[in-house]
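These notes concern the structure reproduced below.
The values are calculated or read from the model by the stated rules, or taken from the named source; none is laboratory data. Just so it is clear, the model here is predicted, and its values are computed rather than measured. As a convention, Cβ positions derive from the backbone with ideal geometry for all residues, glycine included, and neighbour counts pool all protein chains shown. Keep in mind that these areas ignore ligands, DNA and RNA; they rest on the heavy atoms of the full protein, side chains included. Shrake-Rupley method; radii C 1.70, N 1.55, O 1.52, S 1.80 Å.
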Amino acid sequence: MDLPCLHGWRLTGREAVALQRELAEKVVLADGLPRPVRTVAGVDVSYERNGDSFFAAVVVLELPDFKLIEEASATGRMSFPYVPGLLSFRELPVVLDAFSALRTVPDAVLVDGQGIAHPRRFGIACHLGLWTGLPTVGCAKSRLCGSHLPPAPHKGDWVPLLLDGEAVGAVLTSRRGVRPLYISPGHRTDLPSALRLVQSCLGSYRLPEPTRLAHLLSNRLRLQARN
DNA sequence: GCGACAG
DNA sequence: ATCTTGTCGC
């Protein structure tokens, strides 16, 4: 994919916040997913322990059998600290590099982090969606903001995630007895379609297959980069 | 002022 | 995110 480059971002936290407020207005929260969704990408980033380098991995799977279509990766250097609410400014540069190495254009992307379940409604899934133009869904392992009741402990059960009285996401039990996942639309998806997509990607693990495999790949890259 | 806080 | 062995439980 041809994508704009984000290296060269030299923003202060305050500038990043202002940029998020601007970009949040460009996010499209209407369902733009094809029916049926055939290919789903998953993306994840792995960090080097001491160092300043990290590894991004993207995998593209075919539904409904999770057949691996393509994988791509990239490595980069940290240029922005981890600040809750500003994750995309840290991870997006290397993530976009991985996407530019991809030949397949997936129908949708599952991102490891929040979508609009974010203080300024602009989590990393929104940012990635805006930059790639692809439908994206945020699929985080823990909560950034918002409140909710505990979902029932059975696979597929969920409760709304409320922020300022608005349902910005869903708290989903992805597998029996595990901590729930925080699902929210990123770009070109709405909550029902985002939730349906994640549910169609659930296998036998807590994480949906696309992000689970991307996590494995980025981890593998980091470990073999040591030797 | 005090907690909360994706990865 | 990452550092870490065994261990308790479905």
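With n ≥ 4 as the cut-off for DSSP H runs, can you work out [θ] at 222 nm for chain A, using -39500 (n - 2.57) per run divided by the number of residues, rounded to the nearest 500?
Details: 5 runs with 63 residues, N = 227.
Dividing the helical sum by the residues of chain A leaves -8500 deg cm²/dmol.
Could you calculate the contour length gain from A:R176 to A:A101, that is, 0.36 nm times the residue separation minus the distance between their Cα atoms, to one decimal place in nm? Walk me through the numbers before you get to the answer.
Details: separation 75, 0.36 × 75 = 27.00 nm, distance 3.60 nm.
Additional length available on full extension: 23.4 nm.
On average, how much area does the Cα convex hull of the stretch A:137-194 cover when viewed from any direction, in nm²?
Details: hull surface 14.6 nm².
If you wrap the Cα atoms of the stretch A:137-194 in a convex hull and average its projections, you get 3.6 nm².
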> Distance in nm between label sites at A:D164 and A:Y205, each 7 Å beyond Cα in the beta-carbon direction?
Replying inline: 3.6
>> What does the extension gain come out to for A:S142 and A:Y47, with contour length at 0.36 nm per residue minus their alpha carbon separation?
In response: 32.4 nm
> For the stretch A:65-109, which whole percent of the accessible surface, found with a 1.4 angstrom probe, sits on carbon and sulfur atoms?
Replying inline: 53
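Where does each of A:W158, A:W131 land when they are ordered by accessible area, with a 1.4 Å probe and the largest first? Write out the running numbers ahead of the final one.
Values: A:W158 120, A:W131 55 Å².
Heavy-atom accessible area, descending, gives A:W158, A:W131.
Could you give the alpha-carbon Rg of chain A over 2.2 N^0.38 Å, rounded to two decimals?
Values: Rg = 16.3 Å, N = 227, 2.2 N^0.38 = 17.3 Å.
Normalised by 2.2 N^0.38 Å, the Cα Rg of chain A equals 0.94.
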>> Explain nothing, just the number: relative contact order of the stretch A:48-179, from Cα pairs under 8 Å at least 6 residues apart, as a whole percent.
In response: 16
>> Working only with C-alpha atoms, what are the Rg and Dmax values of the stretch A:100-156, expressed in angstrom?
In response: 13.5, 41
> Sorted by mean Cβ packing within 10 Å, highest first, what order do the peptides A:199-212, A:141-154, A:108-121 take?
Replying inline: A:108-121, A:199-212, A:141-154
>> Just the number please: accessible area per residue for chain A, 1.4 Å probe, all protein chains included, in Å².
In response: 47
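So how strong a dipole does the stretch A:42-184 carry about its Cα centre when Lys and Arg Cβ are +1 and Asp and Glu Cβ are -1, to the nearest 20 debye? Could you put the intermediate results ahead of the total?
Working: 13 positive and 14 negative charges, 85 e Å.
Charge dipole of the stretch A:42-184: 400 debye, to the nearest 20.
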